[in-house]
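The structure appears right after this line, and notes come after that.
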Amino acid sequence: MTNSKKALTFGLATVGIWSTVASAFKISLRHLDPFQLLLCACTVSLIVLAGILAYQGKLKNVLRIHRHDLLRCALLGALNPFLYYVILFKAYDLLPAQEAQPLNYTWAITLSLLSIPLLGQKMSFRDICAILISYIGVVVISTHGNVLALHFSNPVGVALALGSTIIWALYWIFNTRSNIDPMVGLFFNFLFGLPLIFLTVVLFSSIPSLTFEAFIGASYVGLFEMGITFALWLTAMKYAAKPDGGGTTRVANLIFLSPFASLVFIYFLVGEKILPATVVGLGFIIAGNALMQYKSDR
């Protein structure tokens, strides 16, 4: 198999898995509250990440990490998984999955906005157009198509879904200054984030008594949303970057398939009737992201 085919295989596998996680969130939250789901999923993810590092022969890198890198990982762990998923899971708890998923997908636009003050990047006219197009989609989805009335279905849920994109964007911006292996860094993020999650559960929830459904749901989220997909995506980009890999842009563009495929899973697995406004609004969000991606390629 050529590097190009390997890149597409790993890329499509990652996108396929990502397309299911919105449904997994919503189904799991029927059995666990957001804090409990995060505690269980993060625990599973930490075990999975340790297994991946062992498989890759990188466990020795865990023991060699410098003290200042540990501090950075601890701070980043407060953002992801702790704060990001607390906010995101609460948004999914309040909103239909078909609303929370597209709204969270605006993180790429938020990343571009925050890169201006934090990374010194400049905003072009194309950037402004991309941002406006994406947030038109946000309004369409959040108002269920009743744009002129500006009556949001759940203002708190919408604010949390959009707020999660700020945390996610900050996490990746601050990660640009890290020189350690990405998988090692992610492992330490989850290692330092887990005590914060446990403390939050003790203070604001209760230790979950896992039913079979809750265990399966949390394990799926921890395995696929927080764990293995990151390794799959890095592998896809690694093969794509090789001389006969076809280029990283082709693989990166696969991500545009994920939110539309996710609506199919939401319809069949969660049982939500997909509103026309969701499809239209998602189209605007994807168009804005695509315009931003085109600008980055140029």
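Below is a table of values for the structure above.
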read-out: From the coordinates shown, Rg and Dmax of the Cα atoms in Å corresponds to which of (1) 32.4, 138; (2) 19.0, 58; (3) 18.1, 53; value: (2)
read-out: Order of 229, 106 - criterion: other Cβ atoms within 10 Å of each residue's Cβ, fewest first; value: 229, 106
read-out: Alpha-carbon centroids, region 229-257 and region 95-122: separation in whole Å; value: 21
read-out: Dipole magnitude of region 9-155, debye to nearest 20 (Cβ charges: Lys/Arg +1, Asp/Glu -1, about Cα centre); value: 520
read-out: Axial C-alpha extent at least 20 Å, average Kyte-Doolittle at least 0.5 - helices from the chain (DSSP); value: 3-28, 34-56, 125-142, 155-175, 182-204, 276-297
read-out: Residue exposure sequence - 26, 242, 122 - by fewest surrounding Cβ within 10 Å; value: 122, 242, 26
read-out: Lysine pairs with alpha-carbon atoms under 28 Å apart, the chain, spacing 8 or more or separate chains; value: 19
read-out: Highest-MSF residue in the chain out of 87, 286, 116 [GNM, Cα springs under 10 Å]; value: 116
read-out: Ranking of 35, 230, 268, 256 by count of other Cβ atoms within 10 Å, fewest first; value: 268, 256, 230, 35
read-out: Highest-fluctuation residue, 73, 40, 129 considered, GNM on the chain with Cα pairs under 10 Å; value: 129
read-out: CD proxy at 222 nm, helix term only [per DSSP H run n ≥ 4: -39500 (n - 2.57); per residue of the chain; nearest 500]; value: -23500 deg cm²/dmol
read-out: Anisotropy class of region 7-75 from Cα gyration tensor, a/c 1.5 cut; value: oblate
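Taken together, the values in this text are just the output of simple stated rules run on the coordinates, not laboratory data. Every value quoted in this text rests on a predicted model; they were computed, and no experiment measured them. We place every Cβ from the backbone using ideal geometry, glycine too, and count neighbours over all the protein chains shown.
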